[in-house]
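The values are calculated or read from the model by the stated rules, or taken from the named source; none is laboratory data. Because the structure is a prediction, the values reported are computed rather than measured. With ideal geometry, Cβ positions are generated from the backbone for all residues, glycine too; neighbour counts draw on all protein chains shown. Each accessible area value is taken on the protein alone, full model and side chains, heavy atoms only, with ligands, DNA and RNA left out. Shrake-Rupley method; radii C 1.70, N 1.55, O 1.52, S 1.80 Å.
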Amino acid sequence: MKGVVVIENAQENDIAEISVLIEHVIKTCIDVTDRDANDLVAHSVYNILLWKKNKHNAAHLVYRLDNRIVGVVLVKEFWNITSLFVDPDYQGRGIGKALITEALAQCRGKSPKGLVRLSSSTHAQDFYHAIGFEQAGESKPLPGGCIPFQFVFNSID
């Protein structure tokens, strides 16, 4: 990718731009009703507001390309990935993998469970398999899909 790329910790002044990105990704990539999309956006924004109150207990990273946020990941309590979003125009370029790799590095040794878990949409399940996550249970029939995945840290990591 051309341009200046930076992966860094999210800041409070990023919240508005992150929220716009999340809404765009959900409404573009996840096949749900408008109401369900709005609910998913609201839930994601709620998690950001929880992070704002408890920043020291989370990994929240943004991927900037030429000073524009094109990707974001939030891992609450260093074990619960509540969001990973990449602008659809930049998907398939390694941004999600770079964000997850850095988030896992920040969570290693801090996760009280020795692992990181998430609930994947059906849109992203192949991505999580490809980067080393394993399905950890049966999927649930929720809007967009809800497939449980986990990444277990090895004791030699």
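Some observations on this one:
- Choice from ALA58, ALA37, ALA136 showing the highest fluctuation, given a GNM over the chain with Cα pairs closer than 10 Å: ALA136
- Student exercise, region 37-96 dipole from Lys, Arg, Asp, Glu Cβ charges, in Debye to nearest 20: 260 debye
- Electrostatic dipole magnitude of the chain [Cβ: Lys, Arg +1; Asp, Glu -1; Cα centre; debye, to 20]: 440 debye
- Among ALA37, ALA130, ASN67 - extreme Cα towards positive end, dipole of region 1-132, charges at beta-carbon: ALA130
- What region 56-151 shows is 48 Å² of accessible area per residue, with the surface traced by a 1.4 Å probe over protein heavy atoms.
- Ellipticity at 222 nm from helices only: DSSP H runs of n ≥ 4 in the chain, each -39500 (n - 2.57), divided by the residue count, give -11000 deg cm²/dmol.
- Considering only ILE100, GLY114, TYR90, the residue lying farthest towards the positive end of the dipole of region 1-124 is GLY114, judged by Cα position with unit charges set on Cβ.
- Area accessible to solvent at LYS97, 1.4 Å probe radius, in Å²: 120 Å²
- In terms of accessible area, using a 1.4 Å probe and ignoring ligands and nucleic acids, TYR63, TYR90 rank largest first as TYR90, TYR63.
- The chain - percent of accessible surface contributed by carbon and sulfur, probe 1.4 Å: 48 percent
- Using only Cα coordinates, the Kirkwood hydrodynamic radius of region 1-49 works out to 12.2 Å.
- Considering every alpha-carbon pair of region 1-115, the percent of pairs per 10 Å bin, from zero through the bin containing the longest distance, is 14, 46, 33, 6.
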